[in-house]
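Notes follow the structure.
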Amino acid sequence: MSQQLEVPHPVYGRYPPSHSRKTSDSSESTLYLGSDSTTDLKVNTSNLAGPDDVNMPRTPSPTQEEFNLLHAVCIAVFSKKIVKALNPESTWMRTHPVGPLIPIALFIIVSFPPLFGHEIIAMIVGITWDLWPAFAITAIGTILGEVVNFMVFKYACTTRMRKYEQKNLDFGLMAYIIRRGGLLMIVVIRFSAVPPHYATVVFSTVGISFWIFLLAAVISLPKQFVPVYTGYAMKPGVSGQKLTTVVEDVVIALGIIVTIVAYKWLQKESKAAREGYIYERRKARQARILAEGYDERVNIQHV
């Protein structure tokens, strides 16, 4: 039989340890070892955050600006590689009678978020056909894709997006400035860094007229000329010419400038309208609360 130690260990104290001593500070855990000659071990747990701690820092979700930047970087880095890899297929499309219908169908498919790739398809069209036929194919595919996108979200998602507008401040603010800005605001948004097919989802669910949207989509078609000309400048018979290189640089520079100016103007308008939107949002919430309270009183009286 093992004998229990009568003399405390000089370091570990008496076994088993006692937890009888308690401190007034709840953030410290004290282990008493049963000997006055030893030091209590105190573990400070005030700075330890558990998985359910509400103050624990969390990884933030990417903002719309970060998403747009990532989209632009991916297009800039991988677009030319993808276009060169698809060069044999582009040759087949150019010689086939139904070749132009393929990119038009692709434009319609990628018009639904979260898909993307309009710029890559436009570059492939530019490298496949001559400049103006390529731009015509791109314009037709872009308009058809935006129209289909507008109709689907208008008749299938308007109710859900209205509820989301009441919950999300940023989405509600965009809907607010679109309703106030009308055609000019829609055109500026389509020229900005916001992906056009994402913007179309907002346009279709905030009450914008279809004909106003269609007119804005036609006005913003020159933005599609940039990737078309970039692809056209990569054609074997055109690539390397000095004039083509200069025009490509000018077209890309103008596209970047217009995009930056439109985006800055959109940010300015959003900042200016934010206070008024928040005020109207609060008044609408108060009106809903009063209406709900009135309905409850009426129901009680009827009972």
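The values are calculated or read from the model by the stated rules, or taken from the named source; none is laboratory data. These numbers come from a predicted model, not from an experiment. Quick reminder, even Gly has a Cβ in these numbers, built from the backbone with ideal geometry, and neighbours come from all protein chains shown.
If you filter segment 100-115 down to residues that are of a type outside the set (A, V, I, L, M, F, W, C) and modelled with pLDDT of 85 or more, you find that the one that is nearest to F150 (Cα to Cα) is S111.
So, in segment 225-247, of the ones that are out of contact with any Ser or Thr (no Cβ under 7 Å at 6 or more places or on another chain) and of a type in the set (A, V, I, L, M), which residue ends up farthest from D130 (Cα to Cα)? Applying the filter and picking the extreme gives V246. One residue stands out among those in segment 116-165 that are under 18 Å from the mean Cα position of the chain (by Cα) and within 15 Å of A217 (Cβ to Cβ): the one that is modelled with the highest pLDDT, which is N149.
Can we say A262 is in a helix (DSSP H, G or I), closer than 27 Å to M174 by Cα and at pLDDT below 80? It is false that A262 is in a helix (DSSP H, G or I), closer than 27 Å to M174 by Cα and at pLDDT below 80.
Residue by residue, here is whether (1) out of contact with any Asp or Glu (no Cβ under 7 Å at 6 or more places or on another chain); (2) buried (at least 16 other Cβ atoms within 10 Å of the Cβ) holds:
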{"site": "P113", "(1), (2)": "yes, no"}
{"site": "A136", "(1), (2)": "yes, no"}
{"site": "G145", "(1), (2)": "yes, yes"}
{"site": "G172", "(1), (2)": "no, yes"}
{"site": "R190", "(1), (2)": "yes, yes"}
